[in-house]
Amino acid sequence: MDHFPTNWGRPRNDAFDAYGTYPLHVRPQNEPKDTFDHGVQRTQQPIVTGTSVLALTYKDGIMMATDNLASYGSLARFKDIQRLHPVGEYTVVGAGGDMSDFQYLQHILDDLIIEQEVNTQDNHKLGPAEVHEYLSNVMYARRSKINPLWNSLLVGGFKDGKKFLAYVDLLGTTYSASTIATGYGAYIALPLLRKAVEGRENTLTEEEARAIMEESLRVLFYRDARSLNKYQIATVTASGTSISDSIKLETSWGFAEGIRGYGSQTQ
């Protein structure tokens, strides 16, 4: 199992046989028939994947951003995918990794809200800390069954005057920070977010936070081959959750003309 998120969506050499020359799932002759049920399979790698999720804390709450691309391997297949999901009144979940697994998580989170807030009718509203705890248990339970949900998730929210931002992945690994990024963004965008945000969490305005996020997304579009110049931003404040419509990122490739080996340059 490949746990490295930046490799998700790319065929593994030990499990990919383009020409069907080797029956990968044939039971060995000396293996008893009752030790493996061919009706039970485990996902060995994600298929349709989303890339980075970025999040930061600012003066009024939490801001999270993703692009709208879901890639089929190296093919930019689906270009209008929303990878931000509101959970109740106080929380937004952003996902990278396998999109079908994320759809499954969306269903169980929606069921959780119905069970806890609608059916129970005790006036208790789930906050981001509870949603994160629930997801961490779900992810760890699936990992323990050797059948993980191939996602890296960011959970951000604002409840009772407190900001919350945390991470959980397919292994059940969790941590919290004022700036978090998943996928390739953990290498390229996270240093930019840390430099711009750390120490300013209680003074950074929403306009400044949005400018920082857009610049980080622009850098990712230039550098990450699995990203797209079309994105959404979510904010969670005392006023509630808000997820924007798709926004086109203004980009320019003019700087590349000065790079040796680009375009028609020969020297």
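Readers should treat all values here as calculations from the given coordinates under stated rules, not as data from a laboratory. Source: prediction; values computed, not measured. Note that we place each Cβ from the backbone using ideal geometry, even for glycine, and neighbour counts take in every protein chain shown.
Here are some notes:
- Checking the cross-link pairs K125/K230; K79/K195; K159/K230; K162/K248; K125/K162; K125/K248 against a 26 Å limit on the alpha carbon distance flags K125/K230; K79/K195; K159/K230; K162/K248; K125/K248 as lying beyond it.
- Among the chymotrypsin sites (Phe, Trp or Tyr not before Pro) in segment 179-267, those placed in a DSSP loop whose Cβ has at most 14 other Cβ atoms within 10 Å are W253, Y262.
- Charged neighbours of E208, selected by a Cβ distance under 12 Å, balance to -3 (K, R count +1; D, E count -1).
- Base-10 log of normalised Debye intensity for segment 48-244 (one unit scatterer per alpha-carbon) at q = 0.10, 0.13 Å⁻¹: -0.37, -0.64
- Taken over the alpha carbons of segment 127-267 as equal point scatterers, the Debye sum produces base-10 log I(q)/I(0) values at 0.18 Å⁻¹ of -1.18.
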